[in-house]
Amino acid sequence: MTWPEGYVHYPQLEMSFGDVAIRSIRFDDREVIRGWRNAQMNVLRQNEAISHLAQETYFQNVIRVSLMAENPEQILLSMEDQKNLVAYGGLVNISWANKRAELSFLTSGDLSVEKYEHYFSTFINYILNVARGQFGLHKIFTETYEFRNGHISILEKCGFKIEGRLTDHNVNSDGFCDSIIHGVILV
């Protein structure tokens, strides 16, 4: 099976900001992303390591299909710095009828605080513009575990407001933790 060059119905998703570029997710990104996800399950809603086969299947049966869909349930993008993959994320759990989506973002996990803030804030600003303009969405929300103070700080600097707290909502190796829900209305 051939891999689409990008989102068929949204061909204008690529953007460059100096050395940083954002583009549609590619099949070749799958193993790097799998490594990031498996190494950082404590910050994800992922309870077990993703196998090579599971990742291949997911990319072929879910991501590839979303690339061709008129109203995909998710729009995943990759971020490169000097042509090296440094992050990925996008809009997931998209409700086209309700004009809302959840923001997702993940990096290698070993970035400096400054690099993480630069990549994440660049990604957020890009996503908000695309969600408002190309996709016509009304709201973007996100769920973040309470111990991710740096992540939360960046969200709030980029205009996200706390909408709620889900007490003891998730469990990880340190026990139960709250989830913080942030949202931004795209006007």
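Annotation for segment 102-121: no member residue is free of Cβ contacts under 8 Å to residues at least 24 places away in the same chain, surrounded by fewer than 20 Cβ atoms within 10 Å (Cβ to Cβ), of a type in the set (S, T, N, Q) and over 19 Å from W36 (Cβ atoms). Might you let me know whether segment 176-187 holds any residue that is under 22 Å from V32 (Cβ atoms), surrounded by 13 or more Cβ atoms within 10 Å (Cβ to Cβ) and charged (D, E, K, R)? No, the conditions are met nowhere in segment 176-187.
Here is a yes/no grid of residues against (1) within 21 Å of M15 (Cβ to Cβ); (2) in contact with a helix residue (DSSP H, G or I) (Cβ under 9 Å, 6 or more places away or on another chain); (3) small (G, A, S):
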residue	(1), (2), (3)
L111	yes, yes, no
F135	yes, no, no
I140	yes, yes, no
G150	no, yes, yes
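Name the residue that is nearest to Q55 (Cα to Cα), counting only residues in segment 6-30 that are of a type in the set (F, W, Y) and surrounded by fewer than 17 Cβ atoms within 10 Å (Cβ to Cβ). Among them, the one singled out is F27.
Any read-out appearing in this document is the output of simple, stated calculations on the displayed coordinates, not a laboratory observation. Bear in mind the structure is a predicted one, so any value in this text is a computation, not a measurement. Here Cβ is always computed from backbone atoms with ideal geometry, including for glycine, and neighbour counts include all displayed protein chains.
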